[in-house]
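Contents: one structure, followed by commentary.
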Amino acid sequence: MRGLWLYSLAWLGATVAVVFAAERIEPAASAARPWPFRPVVRPAVPKIDRVEHPIDRFIVAALEQRGLQLGAPAKPDTVLRRATFDLTGLPPSADDVTEWLGASHDYEALVDRLLASPAYGERMAQHWLDLVRYAESDGFNEDRARPGAYHYRDYVIRAFNSDLPYDRFLRQQLAGDELEPDNPDAQIATGFYRLSTEETNAVDLIARRQEIVDDAVDVVSQALFGLTFQCARCHDHKFDDISQADYYRLSAYFQPMLASSVVVAEAAVIERHRQQQQAWLAASQQARDEIDALLAPYRKQRIDEGREILGPEMCRVVDTPEPARTAAQRQLAHHAAIFLEWKTRETKLDLPGDDERRYQRLFDRLAEYDHLKPAELPRADTVVDALGEPPPTYRLAAGNPHQRLEEVQPELPAIFGSASPTIAPTADAAHSTGRRAALARWSTDPRNPVTARVMVNRVWQWHFGVGLVATANDFGNAGEPPSHRDLLDWLAADFVEHGWSVKRLHRQIMTSATYRQSSLLDRDSAAGLTSDPHNRYLWHGVRRRLEGEAVRDATLQIAGRLDRTMFGPSMQPELPPGVADAANSRINDQAALHRRSVYVFVKRNLRNPLFEAFDAPDRQQSCPRRGETTTPAQSLAMLNDFLVHDNARAWAARLYEQFGNDLDGLIRAAYREAYARAAADNEVATARRFIESAAQANDDRQHAVVDLCHALFNSAEFLYID
């Protein structure tokens, strides 16, 4: 059956398209509303003469109420490492360390340089991709790869690097096809909706359709609004003022959505592909016709089986001609096509012996024309609205799509205290109901009470490990109250007033004395440990562990092996043999093995073992904040992972080549590269004794240097930012 799967992919249908309108929002100003749903009003900055930075004034005011004060500043080398990891996910280079430690410590210039680095977008994208449950496979048993998913990842990296205003960043993801129909990036951005799990062989297509809409409600409400709307799917929310009807009114904005795709290529490339495709089709016509004739009865048999499983009602949808289908029928027909494609894959056709041999001969003949066949054009996963009147939305009994109650219209839930935006189709968009566009404009209106608060809180969390609201996806009653509510509101108001610039927000946070505090405690820390043991009021710096992706990237960079190539298809990393065999995972590009971890293929049913050991999320649902566990698996991973070993060997070889028998110079260079600081004399002496002792035992000094490098990779100081 060699090659059966390759021929059949073009056989069953597809989708297309692209689109925009304009809006008002009228927030209720009632002081009785819960705090997150009141309009953002910029509070006055506390007056503390000895403190200049506005963030520090809010922090110091809260500390003084508790008899505390800011801690001592961190050492320059600590600040360098902290800022560099925070903004790039990489350690400072040896040259950066040398320049920083020998210069006047122009910290603001350092922050600006890091924000301008291409690595900044890669680092921020990793945070965002956790939040929107980015993956490149479907999940469930099939866990099929999604070849076009990486375009969304690349869009996110470009958006952060260009400092795309956050309000536009959200609008493009919510409704780029409607609001910016002529902007390819805006269409790619709608891949935001295509990141959910998908059961290819799902038989209950009505339930499958509802799952897609429910997923859109879940991710939008959590990631953008910081609310757990999914709790109201089956009944009124137990903690927040969100009724079940509110849930389905919000879901109505997503009801018309239909999966689509867009070619990501220049016009000249598309034209060249068209010409090559025509040449291949003409040359291979006879071979393809004979294959189709051979496979036709087997395909029909599988389709008949599939239709029987789908049932008469769904078959009527499939049999309805495309122009006559309603929007709801178009959606169901799309899912039916996916199911029937799964049923009729050539690997599932079970050809008997003679026909299998005949097929193989025909396939080999077809392969003779492969030199004419162009590679598939890259396509990005997107969405559009299905043509026709939007499907009706119903409140569902206990969330069951087969038990419909009353019909509801797209409206904002009452908890927001806002008039629902006017919905109008976008005239110059090929597919548009105007529903997502209306929601997108409301979501990013400056008077919206939640969007800016939620994002400011996330950026704060990315720097301090925990947000001002610790439950970043839940600002509701079941979440934690903010530790510094006025500071959060001040930052949110300032964020909007300065054009929703995320880079400016980073700079504002990082130039505060609060951010640059030392995480070290001393004998004067007793008061803080008593009154604020969890450091919610930030009386000292925060010690944070690196994520698995940052650990991998840091070892690669220090070893001198990091490939900084940006964008493009993800690479399949090298995996331990047993894991790779079980997952049928094969390296797709040997030359790309050492690219940054953000470009590692994300398979739902197989997390990278190193990433998983360091608490990588499962990508089944939105992850607002990674866990930070301490487990034996982490130590074992660092001790035994072959990539860590390879990087230790490469690093040792480079150091040994540079310094030879100058052990003190080699050790000092190793400490500087691993920890971004100078080695203390006693550390140098200890490391020298270790190398000499190990070399004596093995009669191999270079191998002893490898062991030293491996030990540095395994140290707490390497694995923790502070």
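The values are calculated or read from the model by the stated rules, or taken from the named source; none is laboratory data. Just so it is clear, the model here is predicted, and its values are computed rather than measured. With ideal geometry, Cβ positions are generated from the backbone for all residues, glycine too; neighbour counts draw on all protein chains shown. Surface accessibility is based on the protein's heavy atoms, side chains included, excluding ligands, DNA and RNA. Shrake-Rupley method; radii C 1.70, N 1.55, O 1.52, S 1.80 Å.
Among the conditions (1) in contact with a helix residue (DSSP H, G or I) (Cβ under 8 Å, 6 or more places away or on another chain); (2) open to solvent by 10 Å² or more (accessible area, probe 1.4 Å); (3) at pLDDT 95 or above, the only one that His53 does not satisfy is (1).
Answer yes or no as to whether Ser221 is under 30 Å from Tyr394 (Cα atoms), open to solvent by less than 10 Å² (accessible area, probe 1.4 Å), touching a Leu at 6+ places or on another chain (Cβ under 8 Å) and among the small types (Gly, Ala, Ser). For Ser221, the condition - under 30 Å from Tyr394 (Cα atoms), open to solvent by less than 10 Å² (accessible area, probe 1.4 Å), touching a Leu at 6+ places or on another chain (Cβ under 8 Å) and among the small types (Gly, Ala, Ser) - is met.
Scan region 104-156 for residues that are open to solvent by 60 Å² or more (accessible area, probe 1.4 Å) and either closer than 20 Å to Ser570 by Cα or touching a Phe, Trp or Tyr at 6+ places or on another chain (Cβ under 7 Å) (or both) and the total you get is 5.
Of the residues making up region 686-699, none is farther than 30 Å from Pro573 by Cβ, of a type in the set (Gly, Ala, Ser), surrounded by fewer than 16 Cβ atoms within 10 Å (Cβ to Cβ) and modelled with pLDDT of 95 or more. Only residues that are crowded, with 19+ Cβ neighbours inside 10 Å and more than 36 Å from the chain's Cα centre (by Cα) were counted in region 672-683, giving 1.
Contact annotation: residue pairs with Cβ atoms under 9 Å, 6 or more positions apart or on different chains, pairing a residue in region 463-487 that is within 15 Å of Thr228 (Cα to Cα) with a partner that is open to solvent by less than 20 Å² (accessible area, probe 1.4 Å) and of a type in the set (Lys, Arg), are Val469/Arg453; Ala472/Arg458; Phe475/Arg453.
Go through region 128-175 and give me each residue that's within 11 Å of the chain's Cα centre (by Cα) and at positive phi. If the condition is that a residue be within 11 Å of the chain's Cα centre (by Cα) and at positive phi, then Arg133 is the only one that fits.
When restricted to residues that are within 20 Å of Ala62 (Cβ to Cβ), in contact with a Leu (Cβ under 7 Å, 6 or more places away or on another chain) and of a type outside the set (Val, Ile, Thr), region 506-529 contains 4.
Scanning region 696-722 for residues that are farther than 21 Å from Val644 by Cα and in a helix (DSSP H, G or I) yields Gln696, Ala697, Asn698. The listed residues are Gln210, Gln173, and the only one of them that is closer than 23 Å to His431 by Cα and open to solvent by less than 20 Å² (accessible area, probe 1.4 Å) turns out to be Gln173.
Among the residues of region 604-635, what is the count of those that are part of a loop (DSSP other than H, G, I, E, B), of a type in the set (D, E, K, R) and open to solvent by 20 Å² or more (accessible area, probe 1.4 Å)? Selection size over region 604-635: 6. Residue under question is Asp292, and the condition is that it be out of contact with any Leu (no Cβ under 9 Å at 6 or more places or on another chain) and either assigned to a helix (DSSP H, G or I) or surrounded by fewer than 18 Cβ atoms within 10 Å (Cβ to Cβ) (or both); does it hold? Yes: the conditions hold for Asp292. The residue list Trp442, Trp462 contains one member that is out of contact with any Asp or Glu (no Cβ under 6 Å at 6 or more places or on another chain), open to solvent by 10 Å² or more (accessible area, probe 1.4 Å), in a helix (DSSP H, G or I) and of a type outside the set (Gly, Ala, Ser), which is Trp462.
Taken as a whole, the structure places Gly434 among residues that are at positive phi and surrounded by 23 or more Cβ atoms within 10 Å (Cβ to Cβ).
Of the strands (runs of 3 or more DSSP E) lying entirely inside region 305-415, those containing at least 2 residues that are under 30 Å from the mean Cα position of the chain (by Cα) and crowded, with 20+ Cβ neighbours inside 10 Å are 379-385. Against the definition (over 30 Å from Phe464 (Cβ atoms) and in contact (Cβ under 8 Å) with a residue 12 or more places away in the chain), how does Ala676 come out, yes or no? So Ala676 fails the test.
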